[in-house]
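Each remark here refers to the structure printed beneath this line.
The values are calculated or read from the model by the stated rules, or taken from the named source; none is laboratory data. Remember, it's a predicted structure, so these values are computed and weren't measured experimentally. Positions of Cβ are generated from backbone atoms using ideal geometry, with glycine treated the same way; all protein chains shown enter the neighbour counts.
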Amino acid sequence: MQIGTFVGSLTDPELGADALVNASNPEVALGSGVSAAIREACGGLAYQRAIREALEDEFGEPLEADDCLVTDAGEAKAFRHVLHVPAVDFRRRGADGAITNADRVARCTRAAVAAADELAEGAASASEGAPSSESKASFVLAMPLLGAGVGGLGEVRSAEVMLSEIAQRPPRFVSVVRFAVLREEHARLVRHAAERAGLALEPA
């Protein structure tokens, strides 16, 4: 497994993702930022209704930090799955008013990577015996820096927490975890955090 970076939108087809992580909230309301971009890429209000129904069917209640709601990508063609984790929770603010913290980000990272690994294992099993031209050698999981923006954790701390969590529990079937960021300086933060955690970097 390697760590990669991509400067641009999480929904950009050039990212080459099989699955995206949605930095969401317990009710999976696709509001602003990453969630808004995913909503628009996947079908707008119709997609919002579909994932709310999926939340009710699978969990019957709002998501907790260790939960991950796996859905399809609606109308999007650039990726196949969306993994929704409650990176922020407006209902449970910390003493400082924060709507996320390092522990929540670590748990959401763990849940998303575990869900992606199950998808990757299934894809690998499905491709066994297929003609080489139809089989896919890798599975790419694309992630934002959870809690870094509206959550208030900041890019540096988010990268440290997420890469440390991935290093402690690396996926077996996901080939690349690629972080989508909007600035090159944030891509450098991710790469440095990966190196400090002892993770291999995707070739430039």
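The set of residues in region 155-171 being crowded, with 19+ Cβ neighbours inside 10 Å and among the hydrophobic types (A, V, I, L, M, F, W, C) consists of Ala159, Val161, Met162, Leu163, Ile166. Counting only residues that are in a loop (DSSP other than H, G, I, E, B) and under 16 Å from the mean Cα position of the chain (by Cα), which one in region 151-204 is nearest to Val88 (Cα to Cα)? The residue in question is Gly151. The criterion of being under 16 Å from the mean Cα position of the chain (by Cα) and not in a loop (DSSP other than H, G, I, E, B) does not hold for Thr11.
Here the strands (runs of 3 or more DSSP E) wholly within region 19-127 that include at least 2 residues being in contact (Cβ under 8 Å) with a residue 60 or more places away in the chain, touching a Pro at 6+ places or on another chain (Cβ under 7 Å) and crowded, with 19+ Cβ neighbours inside 10 Å are 19-23.
Assessment of region 43-50 against the conditions (at pLDDT 95 or above and among the hydroxyl-bearing types (Ser, Thr, Tyr)) yields at least one matching residue.
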